[in-house]
2 protein chains.
Amino acid sequence: MSDTRTMPTRPRHLSSITAWDIDTDVAVIGFGGAGACAAIEAHDNGARVVLFDLASDSGGSTRLSSAEIYMGGGTRVQKACGIEDSVEDMFRFLMASNGPIADEAKVRAYCEGSVDHFDWLTQTLGVPYKDSVYPHRAIMALTDDCLLYTGSEKAWPFTQIATPAPRGHNLQVEGDNGGPLFANILRRNVEERGIEVHFDARALTLVTDDDGTVHGVVVRIDQQERLVRARRGVVLCCGGFVMNEDMIRKHAPMLLGASQPIGNPGDTGSGILMGQGAGAAAINMHEGFVSVPYYPPASLTRGIFVNAQGQRFINEDCYHGRVGYYCLQQPGQRVFLIASAEDFGNYPEGSYLNAQFAGTTEESVEELESELALPPGSLQQTIAYYNAHAARGEDPLFHKSSEWLTPLSLPLAAVDCSPGRGTFYPFFTLGGLDTKVTGEVLTPEGEVIPGLYAAGRTACGVPRTAAGYCSGISVGDASFSGRKAGRSAALRAD
Amino acid sequence: MSDTRTMPTRPRHLSSITAWDIDTDVAVIGFGGAGACAAIEAHDNGARVVLFDLASDSGGSTRLSSAEIYMGGGTRVQKACGIEDSVEDMFRFLMASNGPIADEAKVRAYCEGSVDHFDWLTQTLGVPYKDSVYPHRAIMALTDDCLLYTGSEKAWPFTQIATPAPRGHNLQVEGDNGGPLFANILRRNVEERGIEVHFDARALTLVTDDDGTVHGVVVRIDQQERLVRARRGVVLCCGGFVMNEDMIRKHAPMLLGASQPIGNPGDTGSGILMGQGAGAAAINMHEGFVSVPYYPPASLTRGIFVNAQGQRFINEDCYHGRVGYYCLQQPGQRVFLIASAEDFGNYPEGSYLNAQFAGTTEESVEELESELALPPGSLQQTIAYYNAHAARGEDPLFHKSSEWLTPLSLPLAAVDCSPGRGTFYPFFTLGGLDTKVTGEVLTPEGEVIPGLYAAGRTACGVPRTAAGYCSGISVGDASFSGRKAGRSAALRAD
């Protein structure tokens with residue numbers, strides 16, 4: 001530790017500071033979805049706020065996303081479209097889909113606060129949502145319609161746990177342009193409030209005292225270190241660590257099986273490291289979002305995924321992230337998507353998947369099995385079993401909905417979705433600083449670190465695993481947790 | 001942080017200390033396998049050493065174990081028994097079995113240093129090993145014979161990667177008494193060296209300065225805080241966190257599916273927390289050892305494990321830990337071990353498994369399938385496929401060795417190994433402080449924290465996942481990494 005560079009995990013000691021360059025109540029690090037919402041809410045709760053981002057414009061990874069937001073329990077759009085939903089169904093679904101690592105308090109707060117969050121987005125910020133439904137099975141709506149299913153709500157086992165409802169709220173904009181629109185609305189709201197913003201400003205480390213209380217942050221602006229006093233708190237909204245290959249390798253090697261990090265270049269884990277340097281715990285660091293985006297065309301949902309044993313391993317009507325997660329777990333690291341040729345539609349032109357055809361047959365399943373080098377008889381047995389039951393609208397193994405159950409018929413085709421062989425497996429991280437619902441950051445022993453807050457992917461929030469992911473839950477969690485953190489910081493005594 | 005209790009994550013600041021109660025070169029926290037080896041090696045490298053343990057006797061979890069040690073590359077016993085082994089085969093096996101989270105430098109050092117470690121154990125410490133082989137498939141040798149296979153070396157896919165050799169070294173003692181014998185030998189060696197030992201002494205937190213350097217440790221002895229100066233270093237050998245349910249829930253919820261924590265009551269994660277408080281990174285916190293100890297009788301290896309889909313998911317000739325890991329991953333959370341009735345032998349009397357019979361049939365597989373409430377036809381198909389190939393000595397799905405391939409024949413029986421339903425699933429943690437091969441503890445950015453060392457399960461060492469575990473690798477890693485850490489601390493300049 002003789003190195004004198006400023007490193008995120010080496011906080012600056014308060015006693016070393018004789019004069020501050022900037023003095024504010026709340027310093028927000030990162031002007032993405034979480035940071036913008038934190039800044040707006042802190043301002044609206046009476047705090048002076050300064051916002052810093054290392055990029056030259058706002059938006060972070062939220063700008064690069066579709067910016068669907070997962071909301072329910074009876075939002076204006078749900079009601080207008082005649083969709084019945086309840087807080088309890090939403091809660092049961094999110095608890096079950098996130099599994100044993102779910103944070104019950106966070107899920108509870110997110111669900112109970114969801115209608116209010118919708119109203120805040122629409123009425124306070126001016127985010128437009130059309131009172132309409134996008135009825136197709138898709139990764140995202142490419143129209144300006146609003147409501148779509150973005151998770152595994154209609155898929156087993158979740159159908160047994162909670163009444164499904166579409167909760168993905170797509171912004172009223174044509175094409176995949178929700179992210180830029182949402183980011184611009186957030187920026188406009190920040191500007192309208194006169195919140196001080198510094199772009200090209202890289203946070204280096206926190207300022208702490210002997211008790212561990214956070215008093216400010218060191219930021220590099222114009223190649224100079226600027227000492228920022230934050231009398232009420234620092235809110236870390238710096239994204240996750242998907243762009244930090246060392247951290248991925250150390251913490252989340254499962255994601256090495258995926259192909260494409262999703263995020264902005266600033267997602268280097270710097271917020272997590274700064275928090276750790278100030279004594280915070282990072283949790284769930286091994287988990288991430290991962291996807292194998294095999295639909296659209298939705299018709300491929302009628303296909304089956306098989307592993308190196310020629311066995312199915314999932315109901316194919318799940319969300320693409322859940323399927324992607326299980327693809328990465330398969331023994332033998334081989335995965336094929338097999339469907340009737342007609343169900344491939346205009347694949348590959350219309351597909352995100354980028355998977356290559358590995359075999360086709362007009363003759364027999366045996367021929368395809370041989371082409372794919374699957375164990376003799378395995379695929380024949382799998383398809384015979386699947387077809388016999390699908391003909392009756394049943395899937396006794398994995399309970400795919402009868403809506404998608406059709407016997408596979410010749411000609412058949414298979415694409416190779418084996419991880420690491422070129423198929424598109426986007427991923428980002430879901431581990432981060434341990435926080436309370438308030439956004440307060442915790443030590444490994446669960447103590448609050450006074451003056452430190454985190455939100456979005458710098459924190460470990462509602463979404464905890466690809467196995468239970470739904471599109472819109474990360475931007476939803478970022479905006480929701482950003483608000484909580486901003487408000488908590490603003491209301492903390494100086 | 002207004003609480004004034006001493007918490008592990010809140011280090012004492014050097015500047016607050018005016019006088020030390022104990023002054024030494026190396027303070028070792030924990031007198032289990034790792035701590036004893038650290039203390040001995042530090043002493044033998046010229047350091048004054050003081051050893052602290054919160055228990056009233058030595059041994060820690062090592063004393064409670066079988067104390068097999070995983071060693072290879074041509075140990076005296078291997079050579080005497082005509083076993084061919086090489087450092088490279090051992091290295092390839094351990095890298096493959098630990099998967100993408102393997103630490104190559106640690107695995108390399110462990111394998112290259114293995115023969116030397118054997119010689120140190122036998123010649124320096126006096127650990128007795130008989131030059132003999134225990135030839136059975138078993139969890140542990142209950143005779144005084146030495147060498148046995150304690151991992152998945154002879155199972156696919158590892159047979160494709162490295163030439164197998166037995167590397168589990170069982171101490172020369174009858175029964176499951178290796179742990180007490182090993183612990184007593186370690187204690188005798190500590191005593192013979194005149195190393196100062198404090199029992200009933202609980203380490204509370206580390207002493208650090210502004211630069212993060214560790215200067216000592218606060219220990220509670222006789223209800224009084226004692227300030228221990230460690231001029232060269234503090235070595236944390238406090239075990240893992242298997243007895244800390246909050247930490248298990250937060251970090252390793254997969255282990256909640258297991259049934260029985262394995263360790264001593266002091267395995268509360270205190271060493272990990274003390275390290276984190278001093279700025280250290282904890283890694284691999286989600287992983288643990290878990291097992292479903294279904295053999296002996298070895299004959300049950302001829303059985304098959306099936307999941308809720310009636311599908312096999314593993315070659316049943318793997319190590320019981322690897323099988324246990326995959327049992328916990330199965331969709332639907334149901335797992336049955338099905339075998340010909342004769343292969344159950346004197347089960348349950350001779351079994352560790354504690355699993356209940358869930359079904360038996362003298363009539364047909366269909367009857368058993370129905371008793372187990374498996375999907376209609378699924379088990380019939382699985383067993384028909386298995387039997388047809390087993391008759392030819394083949395397992396095209398999972399490549400179980402022909403040694404264990406016999407068609408399943410009526411009468412059949414099934415025991416319910418579903419996690420959480422009473423079956424014995426022992427577990428302990430494999431996450432811990434990030435360290436170098438030297439035992440030096442690292443920050444999240446990979447910087448060395450001067451004066452801080454960790455070993456055994458307080459550190460994240462060679463064993464990283466149940467999926468690749470082999471018995472003897474944890475005591476092996478503890479004793480090996482303890483030595484490294486003790487030596488490094490002893491040789492650090494004051």
Within region A:469-479, take every residue that is in contact with a helix residue (DSSP H, G or I) (Cβ under 6 Å, 6 or more places away or on another chain) and within 19 Å of A:Leu147 (Cα to Cα) and give me the one that is surrounded by the fewest Cβ atoms within 10 Å (Cβ to Cβ).
A:Val475
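Hey, among B:Asp267, B:Asp222, which residue is at positive phi and more than 12 Å from every other protein chain (Cβ to nearest Cβ)? I'd like the intermediate steps shown before the answer.
Working: B:Asp267 fails: at positive phi.
Answer to the selection: B:Asp222.
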Region B:308-345, residues that are farther than 18 Å from B:Leu255 by Cβ, among the polar types (S, T, N, Q) and in a loop (DSSP other than H, G, I, E, B):
B:Gln309, B:Gln311, B:Asn315
Which residue pairs have Cβ atoms closer than 8 Å, lie 6 or more positions apart in sequence or on different chains, and pair a first residue in region A:390-406 that is free of Cβ contacts under 8 Å to residues at least 60 places away in the same chain with a second residue that is β-branched (Val, Ile, Thr)?
A:Ala390/A:Thr406
Test of understanding: among A:Arg421, A:Arg392, which residue is among the basic types (Lys, Arg) and away from chain B (no Cβ under 14 Å)?
A:Arg421
Here the residues within region A:308-352 that are among the polar types (S, T, N, Q) and away from chain B (no Cβ under 14 Å) are A:Ser340, A:Asn346, A:Ser351
Within region A:10-41, the count of residues that are part of a helix (DSSP H, G or I) and within 30 Å of B:Ser15 (Cα to Cα) comes to 3
Scan B:Gly175, B:Gly257, B:Gly233 and give me the residue that is surrounded by fewer than 20 Cβ atoms within 10 Å (Cβ to Cβ) and in contact (Cβ under 8 Å) with a residue 60 or more places away in the chain.
B:Gly257
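Which one of these is of a type in the set (Gly, Ala, Ser), over 23 Å from A:Thr382 (Cβ atoms), away from chain B (no Cβ under 11 Å) and in contact with a strand residue (DSSP E or B) (Cβ under 7 Å, 6 or more places away or on another chain): A:Gly277, A:Gly239?
None of the others qualify; the one that does is A:Gly239.
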Checked region A:67-91 for anything of a type in the set (A, V, I, L, M), touching an Asp or Glu at 6+ places or on another chain (Cβ under 9 Å) and farther than 12 Å from A:Val107 by Cα; matches are A:Val77, A:Ala80
Here is a list: B:Leu181, B:Leu147. Which entry is surrounded by 24 or more Cβ atoms within 10 Å (Cβ to Cβ), at pLDDT 95 or above and of a type in the set (A, V, I, L, M, F, W, C)?
B:Leu147
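Would region B:477-488 turn up any residue that is away from chain A (no Cβ under 14 Å), free of Cβ contacts under 8 Å to residues at least 40 places away in the same chain and over 13 Å from the mean Cα position of the chain (by Cα)?
Going through region B:477-488, the residues away from chain A (no Cβ under 14 Å) turn out to be B:477-488.
Okay, now just the ones that are also free of Cβ contacts under 8 Å to residues at least 40 places away in the same chain, so none.
No, region B:477-488 contains no residue that is away from chain A (no Cβ under 14 Å), free of Cβ contacts under 8 Å to residues at least 40 places away in the same chain and over 13 Å from the mean Cα position of the chain (by Cα).
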Test B:Arg137 against the criterion of being in a helix (DSSP H, G or I) and more than 14 Å from every other protein chain (Cβ to nearest Cβ), and give yes or no.
no
Selected residue [under 30 Å from A:Leu236 (Cα atoms) and outside any strand (DSSP E or B)] from A:Gly175, A:Gly212, A:Gly216
A:Gly212
Can you tell me which residue in region B:42-77 is surrounded by the most Cβ atoms within 10 Å (Cβ to Cβ), limited to those that are among the polar types (S, T, N, Q) and within 13 Å of the chain's Cα centre (by Cα)?
B:Thr62
Search region B:283-307 for residues being outside any loop (DSSP other than H, G, I, E, B) and under 17 Å from the mean Cα position of the chain (by Cα), and hand back the single one that is nearest to the other protein chains (Cβ to nearest Cβ).
B:Ile283
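For region B:192-206: of the residues being in contact (Cβ under 8 Å) with a residue 12 or more places away in the chain and outside any strand (DSSP E or B), which is farthest from B:Pro11 (Cα to Cα)?
B:Arg193
The values are calculated or read from the model by the stated rules, or taken from the named source; none is laboratory data. No experiment lies behind these values; they were computed from the predicted model shown. All Cβ positions, glycine included, derive from the backbone under ideal geometry; neighbour counts span all protein chains shown.
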